[in-house]
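Peer 1: Before anything else, here's the structure in question.
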Amino acid sequence: MIEVKDIVKRFGRKTVLDQVSFTAEKGQITCLIGVNGMGKTTIMNAIMKLTPLQAGEILVDGEKVTKDTFEKIVFIPDATIMLPHFTIEMAMEFMKDFYKNWNQRRADDMLAFFKLNRKDKIASLSKGNTAKVNLLLGLAVDADYILMDEPFSGIDIFSREQIAEVFTSHLIEDRGVLITTHEIGDIEHLIDKVVILNDGKIQKEFMTEDVRELEGKSVIDVLREVFVQ
Ligand SMILES: Nc1ncnc2c1ncn2[C@@H]1O[C@H](COP(=O)(O)OP(=O)(O)OP(=O)(O)O)[C@@H](O)[C@H]1O
């Protein structure tokens with residue numbers, strides 16, 4: 001389980017995260033939702049130890065993230081992480097050298113699933129294919145937890161549908177997924193848990209099954225209640 005406990009993040013005098021706590025469990029897809037600038041990416045960066053916190057802690061399976069536990073988590077950012085002159089094949093080689101738990105068979109499965117050509121240069125890819133390569137490079141790491149920042153951002157409907165299919169496939173299996181997205185409609189039916197961030201605090205945290213079955217609402221209904229007064 002990823003446990004985010006009372007984290008506080010300030011940039012200068014601006015408090016972006018004010019005692020934020022939530023959990024993301026293995027075997028579940030947890031979606032972090034908030035309007036632009038609410039601190040979703042900052043939370044992802046904090047989990048990956050890419051940004052220091054003023055207070056609070058983050059535990060993964062009960063332990064602080066260190067070099068030893070680092071391979072438990074993989075972060076798939078929304079921007080290209082590879083050098084543009086790399087081919088997809090070179091990017092895979094790079095990841096293979098970097099991560100002990102790189103899974104080439106899964107990478108090959110995803111190349112075929114997304115119909116990508118391993119000889120294509122990263123710089124020559126469309127936005128949709130760039131997102132697919134990012135996803136491939138992240139999901140081919142055998143990590144227990146996957147963080148995805150806006151995997152659907154700026155991508156056409158067909159690529160979005162293909163990417164959404166990944167969430168119901170063996171590629172996710174029993175892993176824990178923490179995802180931020182504005183395109184909630186694409187994966188609303190696949191999400192197990194929603195965490196709503198508003199004004200630096202967690203406004204609501206719920207299991208989607210509970211709101212569907214007990215309250216007869218969709219995730220979008222709940223978002224409307226929170227954000228549209
Ligand atoms: N390095 C930084 N220095 C100063 N302010 C920052 C820095 N990084 C982020 N911020 C501010 O922190 C706030 C949260 O940013 P963050 O990128 O985490 O939001 P977000 O919810 O991911 O937004 P979006 O949905 O637009 O991606 C924003 O107001 C942003 O301007």
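Peer 1: Multiply the residue separation of LYS64 and LYS127 by 0.36 nm, subtract the distance between their alpha-carbon atoms, and state the gained length in nm to one decimal.
Peer 2: Computed gain between LYS64 and LYS127 is 19.2 nm.
Peer 1: I'd like the FRET efficiency for GLU89 and LYS5, computed as 1/(1 + (r/R0)^6) with the beta carbon distance as r and R0 of 45 Å, rounded to 0.05.
Peer 2: 0.65
Peer 1: Of LEU197, THR87, MET1, which is farthest on the positive side of the dipole of the chain, counting Cα position, with +1 on Lys and Arg Cβ, -1 on Asp and Glu Cβ, and the Cα centre as origin?
Peer 2: Toward the positive end, the furthest listed residue is THR87.
Peer 1: Could you tell me what percent of the DSSP beta bridges with both partners in the chain are antiparallel, to the nearest 5?
Peer 2: Restricted to the chain, the bridges split so that about 60 percent are antiparallel.
Peer 1: Sort out for me the Cα centre separation of the range 171-190 from the range 1-21, rounded to whole Å.
Peer 2: The range 171-190 and the range 1-21 have Cα centres separated by 23 Å.
Peer 1: For the pair GLU173 and GLU225, what calculated FRET efficiency results from E = 1/(1 + (r/R0)^6), where r is the Cβ-Cβ distance and R0 = 30 Å, to the nearest 0.05?
Peer 2: FRET efficiency, GLU225 to GLU173: 0.35.
Peer 1: Next question. Cut-off 20 Å, label point 7 angstrom out along Cα-to-Cβ of GLU71: give me the residues of the range 95-115 whose amide nitrogen falls inside.
Peer 2: Inside the label zone: 95-108.
Peer 1: Excluding GLY154 itself, what net charge comes from residues whose Cβ is under 12 Å from its Cβ, given Lys and Arg +1 and Asp and Glu -1?
Peer 2: -2
Peer 1: If the elastic network links every pair of Cα atoms under 10 Å, which of GLU213, GLU173, GLU183 fluctuates the most in the Gaussian network model of the chain?
Peer 2: GLU213
Peer 1: Could you point to the residue in GLN162, VAL219, MET148 farthest towards the positive end of the chain's charge dipole, with +1 and -1 charges on the Cβ of Lys/Arg and Asp/Glu respectively?
Peer 2: MET148
Peer 1: Turning to a different aspect of this structure: At 7 Å along the Cα-to-beta-carbon direction for both ARG105 and ILE184, put a label point, then send me their distance in nm to one decimal.
Peer 2: With each label placed 7 Å out from Cα toward Cβ, I get 3.8 nm.
Peer 1: Mind putting a number on the dipole of the range 1-76 about its Cα centre? Charges go on the C-beta only, +1 for Lys and Arg and -1 for Asp and Glu, and I need it in Debye to the nearest 20.
Peer 2: In total the dipole reaches around 400 debye.
Values quoted throughout were computed directly from the atomic coordinates according to the rules given, and no laboratory measurement underlies them. Bear in mind that the values here come from a model prediction, so they are computed numbers and not experimental data. Cβ coordinates were reconstructed from backbone atoms using ideal geometry, including for glycine residues, and neighbour counts include every protein chain displayed.
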